[in-house]
Amino acid sequence: LDNEYDKNHAKLTIKEANINTAKFFTTQPDEHETEASLPVTFPLFLKPISGENSKGITPESVVFDFRKYQAKVLDIYNTDKSRTLVENYLSGKEYSVSILENKSKNILMILPVEIIAVKNKNGHRVLDYEAKQNDLEEVIAVSDKKIHKELCNIALNSFRALGGKTMGRIDIKTSFNGILHFIEANLMPGLGNGYFSRSFLLNENMDYEQMILKVADAGMISPERVEI
């Protein structure tokens with residue numbers, strides 16, 4: 001969990017593993033005082049360096065000029081008490097890939113879904129805090145076999161690079177030209193009616209109880225693996 005909670009640390013780990021992720025840096029108010037000092041060019045996407053459920057992400061997270069960049073950095077510092085992770089804005093499709101690994105039975109499940117966020121007041125499809133809290137997004141199966149395979153590859157490589165064990169969820173987004181990029185990871189995903197459970201339903205037609213049994217079974221240690 002330490003490897004994914006700090007989103008900057010997670011992206012550094014992913015970058016070292018040669019996995020695509022948007023260019024990024026971290027900042028706080030007055031740290032980058034001019035547009036010329038920014039390591040990454042506009043448009044940018046800004047969010048707290050840690051947190052879950054899109055906390056701190058708002059329609060103002062997508063910025064196209066320095067004034068709005070400064071305003072959002074200040075808002076994150078004051079509201080979330082956090083440094084800001086600043087990334088190149090990826091305007092393409094968004095995906096979440098659930099992973100469940102049962103090492104004792106040599107079973108590996110990699111289950112991608114596409115997330116379609118509603119357009120916010122600025123016309124961007126951003127999975128922000130309000131959208132998540134109110135279930136305003138649509139979650140669908142990934143029907144394109146090529147994209148499905150590419151999502152599985154980048155998700156598994158990311159899971160391995162971050163030291164994931166048994167279960168996790170890797171969030172991925174495409175740039176305007178369709179190239180997949182790691183966004184962030186959740187190595188202890190919630191077991192409610194979220195993306196993890198929906199990925200089992202959409203990929204395996206597996207209901208909630210079946211999913212829970214799969215997760216429980218994957219967490220078991222078989223008798224032959226117990227060391228005394």
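The values are calculated or read from the model by the stated rules, or taken from the named source; none is laboratory data. Everything numeric in this text was worked out from a predicted model, so none of it was measured. Every residue, glycine as well, gets a Cβ built from its backbone with ideal geometry; the counts of neighbours run over all protein chains shown. Quick note on the areas: whole protein, heavy atoms, side chains included, nothing else; ligands and nucleic acids left out. Shrake-Rupley method; radii C 1.70, N 1.55, O 1.52, S 1.80 Å.
Brief remarks on what is shown
- Ratio Rg/Rh [Cα only; Rh per Kirkwood] for region 103-188: 1.00
- Its Cα gyration tensor gives region 176-218 an equivalent ellipsoid. The semi-axes, each the square root of 5 times an eigenvalue, are 25, 13, 9 Å from largest down.
- A Gaussian network model of the chain, with springs between Cα atoms under 10 Å, assigns the largest mean-square fluctuation among Gln70, Gln28, Gln133 to Gln133.
- Pairwise Lys count, region 86-179 - Cα closer than 20 Å, eight or more residues apart or different chains: 16
- Karplus-based coupling profile of region 121-137, in residue order and whole Hz: 5, 9, x, 9, 8, 10, 7, 8, 4, 5, 4, 5, 5, 9, 6, 8, 8, with θ = phi - 60° in 6.51 cos²θ - 1.76 cosθ + 1.60 and x standing for Gly or Pro.
- Average projected area [Cα convex hull, the chain], square nanometres: 13.9
- Charging the Cβ of each Asp and Glu at -1 and of each Lys and Arg at +1, and nothing else, the dipole of the chain about its Cα centre rounds to 400 debye.
- Distance from the Cα centroid of region 156-208 to that of region 96-147 is 7 Å (rounded to whole angstrom).
- Per residue, the chain reaches -9500 deg cm²/dmol at 222 nm when only DSSP H runs of four or more residues are counted, each adding -39500 (n - 2.57).
- Whole-Hz Karplus values for region 72-83 come out as 6, 4, 5, 4, 5, 5, 7, 7, 9, 6, 9, 5 Hz, taken residue by residue from phi with 6.51 cos²θ - 1.76 cosθ + 1.60 and θ = phi - 60°; glycine and proline positions read x.
- Excluding exposed DSSP-loop trypsin sites (Lys or Arg not before Pro) (at most 14 other C-beta within 10 Å), longest clean stretch of the chain: 166-228
- In this structure region 1-85 gives 55 Å² per residue of accessible area when probed at 1.4 Å with all protein chains present.
- Relative contact order (percent, whole number), the chain, Cα cutoff 8 Å, 6+ residue spacing: 23
- Mean Cα-pair separation over length for region 92-185, i.e. relative contact order, pairs under 8 Å, 6 or more apart, %: 35
- Between Ala71 and Val139, the modelled labels are 3.3 nm apart [label points 7 Å from Cα along Cα→Cβ].
- Solvent-free Debye scattering, log10 I(q)/I(0), computed from the Cα coordinates of region 1-90 at q = 0.10, 0.13, 0.20 Å⁻¹: -0.23, -0.39, -0.93
- From phi via Karplus (6.51, -1.76, 1.60), per-residue ³J(HN,Hα) for region 55-71 in Hz, x at Gly/Pro: 4, x, 8, 9, x, 7, 6, 8, 10, 10, 8, 5, 4, 5, 4, 4, 5
- Antiparallel bridges, percent of DSSP beta bridges restricted to the chain (to nearest 5): 95
- Selection from Thr174, Ile99, Thr84 lying farthest towards where the dipole of the chain points positive, charges on Cβ: Thr174
- To put it simply, the accessible area of region 132-228 at a 1.4 Å probe is 54 percent carbon and sulfur.
- Under DSSP loop assignment and at most 15 Cβ neighbours within 10 Å, longest chymotrypsin sites (Phe, Trp or Tyr not before Pro)-free interval of the chain: 65-175
- Per-residue SASA remark: Asp144, around 80 Å² accessible (1.4 Å probe; ligands, DNA and RNA not included).
- Computed over region 12-147: relative contact order in percent, which uses C-alpha pairs under 8 Å that are six or more apart: 24
- Taking 0.36 nm per residue of separation and subtracting the current Cα-Cα distance, fully stretching the chain between Phe25 and Asp2 would add 6.4 nm.
- Here the Gaussian network model covers the chain, with springs between Cα atoms less than 10 Å apart; of Val126, Val215, Val139, Val215 fluctuates the most.
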